[in-house]
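The values are calculated or read from the model by the stated rules, or taken from the named source; none is laboratory data. If you're wondering where the values come from, they're calculated on a predicted model, not measured in any experiment. As a convention, Cβ positions derive from the backbone with ideal geometry for all residues, glycine included, and neighbour counts pool all protein chains shown. The area values use the complete protein model at the heavy-atom level, side chains included, leaving out ligands, DNA and RNA. Shrake-Rupley method; radii C 1.70, N 1.55, O 1.52, S 1.80 Å.
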Amino acid sequence: MSITVSKMKRNIDGIDLYYEEYINEKAKDTFVLIHGFLSSTFSYRRLIPLLAESYNIISVDLPPFGQSGKHYLYQYSYRNMAHSVLHLIKSLDYSRIYIIGHSMGGQIALHMMKQKPDMINKGILLCSSGYLKPVKPSLKLLSHLPFFHHFVRYYLEKSGVQKNVENVVYDHAMIDAEMLRGYEEPFTDKNIFKGLAKMVRDHEGDLLSDDLKNIQIPCLLIWGEQDRVVPLAIGEKLSKDLPNAQLVILKNTGHLIPEEKPNVVFTYIQHFVKQA
């Protein structure tokens, strides 16, 4: 089996999108991986090798995260980020895909399903965000201040990477230096805080129940029972609003399930893909 790996940037909708492409010469199906808030393709590092044995993979850094652009003029709404990822997929000559979205990435995936249902075979939502309301008008107003990005940086650095990672995994024993470096590295580029400040302004809130009920694409929802970031109750509600959804619950698992239970997640994904 031969797998060709490319790590590239492509200008899409006026911003550089970083993506990693894994081409399996024997694969017929392609997965697009979308990470969560304050993360990057790094969060899929344990799942990608498993998927690459059977599928092609495109793992994308959403702007302003990871190695993607942090342009202050880009519109960081979920709708526009979904449009940019779809544009990237089309530019790479893929017409039909499976999509995996973790946390905020799940909400981006749902927007993609809403915008271009003909491009997506099935969706896998890993502890997907859901039902978050739009940013308060007062906070949007504050985001226009030229120094607002300093408040964003202070807020995030106050908690620190160690504490943030501890909050998203169930078993703290799995946290090591490599893991901490991987989640800290994107923040060495201080321009990310300007992008995040703009993201506050552009956030339009999650899709409403009426939107979700119109998404007919089959969806597999996988949730950590001990998820403290996006509680299981959100997964249960999503599974009811999405017409063709099934929910799987993993015990002794937190929010970061691609890192915590990659083999289990992969097994469920394989079974889901093979279903009629």
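The GNM of the chain, with springs linking C-alpha atoms under 10 angstrom apart, assigns the highest mean-square fluctuation among 82, 197, 233 to 233.
Of the DSSP beta bridges with both residues in segment 1-63, give the percent that are antiparallel, rounding to the nearest 5.
Details: 14 of 19 bridges.
Percent antiparallel among DSSP bridges in segment 1-63 is about 75.
Extension gain, residue 270 to residue 172, is 32.5 nm, computed as 0.36 nm per intervening residue step minus the present C-alpha separation. Using a Gaussian network model of the chain in which every pair of alpha carbons under 10 angstrom is joined by a spring, one finds that among 62, 247, 142 the greatest mean-square fluctuation is at 142.
Each Lys and Arg adds +1 at its Cβ and each Asp and Glu adds -1 at its Cβ; summed about the Cα centre, segment 160-276 shows a dipole of about 160 debye. Residues whose amide H lies under 5 Å from that of residue 12, counting only those 5 or more places away or on a different chain, are 17; hydrogens are built 1.01 Å from N in the peptide plane. How large is the helix-only mean residue ellipticity at 222 nm for the chain, computed as the sum of -39500 (n - 2.57) over DSSP H runs with n ≥ 4, divided by its residue count, in deg cm²/dmol to the nearest 500? For the chain, the value works out to -11500 deg cm²/dmol.
Using unit Cβ charges (K, R positive; D, E negative) and no other charged atoms, how large, in debye to the nearest 20, is the dipole of the chain about its Cα centre?
Working: 32 positive and 29 negative charges, 116 e Å.
Rounded to the nearest 20 debye, it is 560 debye.
Eigen-decomposition of the gyration tensor built on the alpha-carbon atoms of the chain gives equivalent ellipsoid semi-axes of 26, 21, 21 angstrom, largest listed first. Spin-label model, residue 244 to residue 79: label points 7 Å out along the Cα-to-beta-carbon direction sit 2.5 nm apart.
With θ taken as phi - 60° and the Karplus curve 6.51 cos²θ - 1.76 cosθ + 1.60 applied, the whole-hertz 3J(HN,Hα) list for segment 195-212 is x, 5, 4, 5, 5, 4, 5, 8, 5, 9, x, 6, 4, 7, 4, 4, 5, 5 Hz, x standing for glycine and proline. Extents of segment 1-147, largest first, come to 54, 28, 27 Å (Cα atoms, principal axes, whole angstrom).
At q = 0.10 Å⁻¹ the log10 of I(q)/I(0) for segment 73-175 amounts to -0.43, computed by Debye summation with a single uniform scatterer per C-alpha, solvent ignored. Bridges between two residues of the chain, per DSSP, are antiparallel at a rate of about 35%. The lysines whose alpha-carbon is closer than 20 Å to the alpha-carbon of residue 70, local same-chain residues fewer than 8 away aside, are 7, 9, 140, 190, 194, 198.
For segment 164-257, with all protein chains in place and a probe radius of 1.4 Å, 48% of the accessible heavy-atom surface sits on carbon or sulfur.
If one takes the longest principal axis of the Cα atoms in the chain, at what angle in degrees, from 0 to 90 and to the nearest 10, does the Cα axis of helix 232-241 lie? The angle comes out near 60 degrees. Simple spin-label estimate for residue 132 and residue 2 gives 4.3 nm between the two label positions (7 Å along the Cα-to-Cβ direction from each Cα). Compute the label zone of residue 208 within segment 96-123: residues whose backbone N is under 19 Å from the point 7 Å along Cα-to-Cβ. Hits in segment 96-123 for residue 208 at 19 Å: 107-108, 110-115. Largest GNM mean-square fluctuation among 217, 175, 192, using the chain with Cα springs under 10 Å: 175. Farthest toward the positive end of the dipole of the chain, out of 65, 147, 165, is the Cα of 147, where the dipole comes from beta carbon charges about the Cα centre.
Karplus-based coupling profile of segment 170-177, in residue order and whole Hz: 7, 9, 5, 5, 7, 6, 10, 4, with θ = phi - 60° in 6.51 cos²θ - 1.76 cosθ + 1.60 and x standing for Gly or Pro. Taking a probe of 1.4 angstrom, what is the accessible area of residue 251 in Å², to the nearest 10? Here the residue's solvent-accessible area equals roughly 130 Å².
Since only 121, 263, 14 are under comparison, the one whose Cα sits farthest along the positive direction of the charge dipole of the chain, derived from C-beta charges on Lys, Arg, Asp and Glu, is 14. Positive-end ranking of 48, 106, 182 along the dipole of the chain, with charges on Cβ about the Cα centre, is headed by 106.
With every protein chain left in place, what is the accessible area per residue of segment 117-276 in square angstrom, probe 1.4 Å? Could you put the intermediate results ahead of the total?
Numbers: 8430 Å² over 160 residues.
Spelled out: the 1.4 Å probe surface of segment 117-276, per residue, equals 53 Å².
What FRET efficiency do you get for residue 251 and residue 151 if R0 is 51 Å and r is their Cβ-Cβ distance, rounded to the nearest 0.05?
Values: r = 38 Å, r/R0 = 0.75.
For R0 = 51 Å, the calculated efficiency reads 0.85.
Exposure check, 1.4 Å probe, all protein chains in place: residue 267 carries approximately 90 Å² of accessible surface. Annotation: residue 157 carries an accessible surface of approximately 100 Å², with a 1.4 Å probe and no ligand, DNA or RNA atoms counted.
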